[in-house]
């Protein structure tokens, strides 16, 4: 998601999967964003993550893609300052939970739930465009 909480890409995984395993595929799933004249941006400038994402492999993968990683070190004390950026993520998750089908998963098939996730992300993007017009 961007700095304003607009989801740029979403991946559906099983409930037993750890979020850390999806960092690189999620960054790779971000489509080119058009806007300014010139070549569209393919990747974000920076990525923020908490202690779970702190590993040399993740940092190396982000630098390899031209992304500056702001991943909190495991030894850092609480109150490392990541909360300044983390509230945007939590707010976007609460926006997605406003859709009943995404708050509690009723569908057995993953493709149906993934379709509702895509619709929810599209509605969030549409609502943010409506407020900026």
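Throughout, read-outs are computed from the coordinates displayed, never taken from laboratory work. No experiment lies behind these values; they were computed from the predicted model shown. Virtual Cβ from ideal backbone geometry, glycine too; neighbours counted across all protein chains shown.
Things to note:
- Fewest-first ranking of 113, 58, using other Cβ atoms within 10 Å as the exposure measure: 113, 58
- Cα-projected label distance for residue 10 with residue 42, points at 7 Å along beta-carbon direction, nm: 2.6 nm
- Taken along the Cα-to-beta-carbon direction at a fixed 7 Å, the label points for residue 109 and residue 129 span 2.8 nm.
- Spatial offset of region 84-126 relative to region 1-67 amounts to 17 Å, using the alpha carbon center of each.
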